[in-house]
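I have placed the structure first, in the form of structure tokens, so that the comments after it can refer back to it.
The values are calculated or read from the model by the stated rules, or taken from the named source; none is laboratory data. These numbers were taken from a predicted model, which means no experiment stands behind them. Every residue, glycine among them, receives a Cβ derived from its backbone with ideal geometry; neighbour counts consider all protein chains shown. Note: areas computed on protein heavy atoms with side chains; ligands, DNA, RNA excluded. Shrake-Rupley method; radii C 1.70, N 1.55, O 1.52, S 1.80 Å.
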Amino acid sequence: MKALITGGAGFLGPALARALVKRGDSVVLLDVAFPEGRLGDLTGKVETHVANVAIFSEVLEAFRRHRPDSIFHLAALLSAGAIASPTEAYHVNIDGFFHGIEGARLFDAKRFIFPSSVASFGPGAPDPTPNEHDQKPTTLYGVSKVFGERLGEYYQGTYGLEFRTMRLPSVLGPGRGGGGMSAYSTFMIERPIRGEPYDVYCREETRIPLLYVDDAIEGFLRIHDAPRAKLSRCTYSVQGFSPTAGEIAAEVRRRVPDAKITFRPDAERQKVLDSWPRRLDDAPAREDWGWRPSFDLRGAVDGYMRALRGASTR
Ligand SMILES: NC(=O)c1ccc[n+]([C@@H]2O[C@H](COP(=O)([O-])OP(=O)(O)OC[C@H]3O[C@@H](n4cnc5c(N)ncnc54)[C@H](O)[C@@H]3O)[C@@H](O)[C@H]2O)c1
């Protein structure tokens, strides 16, 4: 199988590429730039393609050159980035999604996999939030995810392109950047492990769903590989674990007793976090394609520590 991963130089792209390469797939990573050293051990094992998903001709050229069977469309500005740069977010997340899926249709790709988000729901969603629930997000990022979900379903219904999307919780793990509103969950683990202080920008009792990166990657593989006959829908919420920010701090302090974690809530960011569901009901994903996350909060912090130590000894 030949896979094209857009946004391939980000946090999830290289991790997904590593898993695909390991099982023998060929992988092309597409991104606007590949910073020095970003690919690490993937160098020489994947192809890279520099292109801007907001420019249709560049996306079409990537399809023409590589002819992928499957697309993992990860290129996006995340929630905080979309607030800072709404025009760019519109072009990348909405135009870019259309360019990716239309390219997939024109070049006869078989499957198009898209990470949606907990942020596609809006304020007041029940806990847990059912897979099928009104989506009234109050951010441009959330609106762009709803757009992708619905347009993808239209492409599957109209053109037969197999469209599959996981609504991901906030994903934490080494290598995550600061573009998402939920990045505190990663940094409040990473900074104390590195011996640095961290000011958390939300309240201690803030509770959002989280997922460890290894489970997110396993989810991408499973939803991609599932036989079409097993799938009752295109769009599946997945759940990991839902600690409060205070519970994350306590878990970090169990391992780093002198961790300097302080809470200094920022009203604007708190408002966005408060608009997201506390927990997602993932029963359809479990039933249809065997979604089974392995990491809870404790396992995620352990995994994080192992990965950081591994990176520092490489
Ligand atoms: N990380 C999370 O917690 C999380 C949660 C839910 C959904 N998602 C979704 O998963 C996907 C990947 O997330 P991530 O955490 O790896 O994000 P990331 O910000 O680390 O990576 C996104 C990549 O997209 C690239 N990109 C931006 N504009 C582009 C353009 N015009 N053309 C080509 N590439 C462009 C960036 O350079 C970056 O490498 C995104 O669609 C995101 O919305 C992530």
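How many nm is it between the label spots at Arg286 and Lys271, if each spot is 7 Å from the Cα in line with the beta carbon?
With each label placed 7 Å out from Cα toward Cβ, I get 3.6 nm.
Rounded to the nearest 20 debye, what is the charge dipole size of the chain about its Cα centre when +1 sits on each Lys and Arg Cβ and -1 on each Asp and Glu Cβ?
620
Report the calculated FRET efficiency for Asp225 and Asp127 (r = Cβ-Cβ distance, R0 = 35 Å), to the nearest 0.05.
The value I calculate is 0.70.
Measure nothing but the geometry: give the 0 to 90° angle between the long axis through the Cα atoms of 297-313 and the longest principal axis through the Cα atoms of the chain, rounded to 10°.
The helix 297-313 is inclined about 80 degrees to the chain.
Before anything else, pin down the relative contact order of the chain: Cα pairs under 8 Å, at least 6 apart, normalised by residue count, whole percent.
18
Which one of Leu30, Leu210, Leu221 has the biggest mean-square fluctuation once the chain is modelled by GNM with Cα springs under 10 Å?
Largest GNM mean-square fluctuation: Leu221.
For the chain, what does the helix formula give at 222 nm: sum of -39500 (n - 2.57) over DSSP H segments with n ≥ 4, over the residue count, nearest 500 deg cm²/dmol?
Theoretical 222 nm ellipticity from helices: -12500 deg cm²/dmol.
Skip the ligands, DNA and RNA, and give the accessible area per residue of the stretch 165-268 with a 1.4 Å probe, whole Å².
Value for the stretch 165-268: 38 Å² per residue.
Round to the nearest 0.05 the FRET efficiency obtained for Ala19 and Asp199 when R0 = 45 Å and r is the Cβ-Cβ distance.
My answer for the efficiency is 0.85.
Give me the percent of the accessible area of the chain that comes from carbon and sulfur atoms, probe 1.4 Å, all protein chains in place.
50
With loop defined by DSSP as not H, G, I, E or B, and exposure as at most 11 other Cβ atoms within 10 Å, which is the longest segment of the chain clear of exposed GluC sites (Glu not before Pro)?
Longest gap between qualifying sites, sites excluded: 206-314.
Please grab the % of Cα pairs in the stretch 156-299 that end up more than 24 Å from each other.
37
How many times 2.2 N^0.38 Å is the alpha carbon radius of gyration of the stretch 132-233?
1.33
Using 0.36 nm times the number of residues separating Arg67 and Arg105, minus their current alpha carbon distance, what extension gain do you get?
My answer for the length gained is 12.6 nm.
Can you compute the equivalent ellipsoid semi-axes for the stretch 1-52, i.e. the square root of 5 times each eigenvalue of the Cα gyration tensor, sorted largest first and rounded to whole Å?
Calculated on Cα positions only, the semi-axes equal 16, 12, 9 Å.
Using Cα pairs under 8 angstrom and six or more residues apart, how large is the relative contact order of the stretch 136-261, in percent?
33
Tell me, what is the per residue accessible area of the stretch 1-154 in Å², probe radius 1.4 Å?
42
How big is the stretch 69-207 by the Kirkwood estimate over distinct Cα pairs, in Å?
16.4 Å is the Kirkwood radius here.
If one computes P(r) from the Cα atoms of the stretch 31-83, what percent of pairs lie at distances over 12 Å?
So the pairs more than 12 Å apart make up 75 percent of the total in the stretch 31-83.
Once the Cα atoms of helix 213-225 and of the chain are each reduced to a long axis, what angle between those two axes, in degrees from 0 to 90 to the nearest 10, is obtained?
The two axes meet at around 20 degrees.
Which angle from 0 to 90°, rounded to the nearest 10, does the C-alpha axis of helix 184-193 make with the longest principal axis of the chain?
With both axes taken from Cα atoms, the answer is about 60 degrees.
Please report, in whole Å³, the volume per residue of the convex hull around the C-alpha atoms of the stretch 1-146.
125
Could you give the alpha-carbon Rg of the chain over 2.2 N^0.38 Å, rounded to two decimals?
0.96
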